[in-house]
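A quick write-up on the structure given underneath.
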Amino acid sequence: MSGFVFNTTKSIVSEVDASARIADLAGSLLGRRIVLVTDRGLRRLGIVDPALASFARAGVDVAVFDDVDADPPERNVSELVDLIRSHHATGVIAIGGGSPMDVAKLGSLIAGGGEKLSDVYGVNVAKGPRLPLVLVPTTAGTGSEVTPIAIITTGGAEKKGVVSPLLLPDIAVLDADLTLGLPPAVTAATGIDAMVHAIESYASASPNNNPVSNGLSKQALRLLGANIREAVFNGKNREARGAMLLGSLLAGQAFANSPVAAVHALAYPIGGHFHVPHGLSNALVLTHVLRFNLPKAAGRYAEIAADAFPELADISFARRADAFIHALERLGRELNLPQGLREVGIPREALPMLARDAMKQTRLLVNNPREMTEGDALAIYEAAY
């Protein structure tokens with residue numbers, strides 16, 4: 001067995017209504033003056049109110065930062081850092097999807113260590129330290145609560161990542177009740193996003209592709225495949241919602257150590273230029289990238305096919321990878337997700353630009369099972385159009 005490294009969040013709490021007693025779970029870590037990071041939509045819906053009430057009962061002084069944008073720009077991080085410093089915060093908590101969690105990660109790092117955001121982009125560049133950090137996801141998709149990664153939109157539409165174990169939070173809290181109100185379209189797209197994490201991690205060409213990540217990917221696909229339809233079409237099913245949250249977390253642990261690849265590389269320009277949500281961007285290119293990878297990754301896809309879709313166990317191993325891709329295509333249609341780039345308003349003439357920008361995602365493309373050129377990326381976008 002080759003050597004590998006596996007890092008993850010120190011403590012994971014999975015409990016219905018956990019956010020309502022968050023001060024008991026995390027108050028001693030976060031201290032008496034904290035900043036809570038969320039977005040305006042969640043604040044308006046009252047999603048963070050139980051947590052705020054819990055801190056108020058404990059006498060904790062909370063400042064709320066709810067100006068996080070979708071595909072957050074660098075500005076969000078600098079504004080959060082200013083608030084953390086002016087509030088003399090002793091800890092940071094995020095309640096939200098991937099965007100608030102990523103902004104909170106970077107805010108706690110920059111405010112805690114004094115580095116500049118522009119100096120920490122890349123892999124293992126950040127030196128830290130960071131402030132105590134707790135992450136509470138409200139979607140079952142990004143797995144950000146267990147990943148050492150934060151993605152920010154820089155300049156116009158390019159996305160850059162900070163990758164460092166320092167970004168792993170001290171505590172991740174899974175509360176299925178926070179996801180009960182997610183609309184079907186968001187549930188579907190974020191659920192597919194989590195499946196992409198598991199699939200790409202399992203087939204990753206990273207030298208750190210490891211048996212722990214592999215096992216987590218397979219278990220994640222079992223949970224996600226068995227529950228995604230119920231979560232989309234019967235969103236009040238707490239058991240299905242909890243299974244999706246756990247599946248997303250397991251997939252996040254997997255790809256945090258055996259990293260994702262070309263699906264994400266091609267998805268980032270779609271989100272950066274056209275503000276398509278990240279999960280949906282992944283869904284739009286997923287099967288086309290997998291089909292491109294078949295000459296190199298068919299065996300790996302065949303190994304996980306029946307985890308996501310148990311009925312594929314009855315198909316011969318030689319045919320299973322192709323059947324897996326067809327099953328993912330059917331799933332996208334069943335969940336009423338858009339089936340082509342044109343359906344989300346992307347003009348055909350933009351495809352060459354997307355292909356050029358995808359090639360900038362070198363930290364992801366290096367993990368793809370099959371080497372990809374700009375011409376290959378363009379062909380995939382055309383197939384996805």
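Some observations on this one:
- Sorted largest first, the principal axis extents computed over the alpha-carbon atoms of segment 124-280 equal 43, 36, 33 Å.
- Using Cβ point charges alone (K and R +1, D and E -1), the dipole size of the chain about the Cα centre works out to roughly 340 debye.
- Cα Rg over Rh - segment 183-383, Kirkwood: 0.94
- Percent breakdown of C-alpha pair distances by 20 Å bin, ordered from the shortest bin, for the chain: 31, 60, 10, 0
- Two-site label geometry, ASP61 and ASP82: point separation in nm, points 7 Å out along Cα→Cβ: 2.0 nm
- Net lengthening on full extension, ARG33/VAL13 (0.36 nm per residue, minus Cα-Cα): 5.0 nm
- Model label zone, PHE4; criterion: amide N under 20 Å from point 7 Å along Cα-to-beta-carbon; scope segment 217-240: 217-224
- Cα centroids of segment 228-301 and segment 167-203: 9 Å apart.
- Translational diffusion of segment 11-178, µm² s⁻¹ [Kirkwood Rh, Cα pairs; Stokes-Einstein; 4 °C; 1.567 mPa s]: 84 µm²/s
- Placed amide H near ILE12: partners under 5 Å, 5+ positions off or other chain: ALA172
- Per-residue ellipticity at 222 nm from helix content only, as computed over the chain with -39500 (n - 2.57) for each DSSP H run of at least four residues, stands at -17000 deg cm²/dmol.
- Using θ = phi - 60° in the Karplus curve 6.51 cos²θ - 1.76 cosθ + 1.60, the 3J(HN,Hα) couplings for segment 368-385 round to 6, x, 10, 4, 10, 9, 4, x, 5, 4, 4, 4, 5, 4, 5, 5, 7, 6 Hz; x is entered for Gly and Pro.
- Between ASN124 and GLU74, the modelled labels are 2.5 nm apart [label points 7 Å from Cα along Cα→Cβ].
- For PHE65, the amide hydrogen comes within under 5 Å of the amide hydrogens of LEU36, VAL37, THR38, counting only partners 5 or more places away or on other chains and with H modelled in the peptide plane.
- The HN-Hα couplings worked out from phi for segment 314-326 by the Karplus form 6.51 cos²θ - 1.76 cosθ + 1.60 (θ = phi - 60°) are 7, 9, 4, 4, 5, 9, 6, 5, 5, 5, 4, 5, 5 Hz, whole numbers, x standing for Gly and Pro.
- Sequentially through segment 204-217, phi angles give Karplus couplings (6.51, -1.76, 1.60; θ = phi - 60°) of 4, 8, 4, x, 9, 4, 9, x, 5, 4, 4, x, 5, 4 Hz, Gly and Pro residues having no value and appearing as x.
- The residues GLU145, GLU329, GLU239, when put in order of fewest to most other Cβ atoms within 10 Å, stand as GLU239, GLU329, GLU145.
- Förster radius 25 Å - calculated FRET efficiency between ARG370 and ARG229, Cβ distance, rounded to 0.05: 0.25
Rule-based calculations on the coordinates, nothing more; no lab input. Every value quoted in this text rests on a predicted model; they were computed, and no experiment measured them. Glycine also receives a Cβ, built like all others from the backbone with ideal geometry; neighbour counts cover every protein chain displayed.
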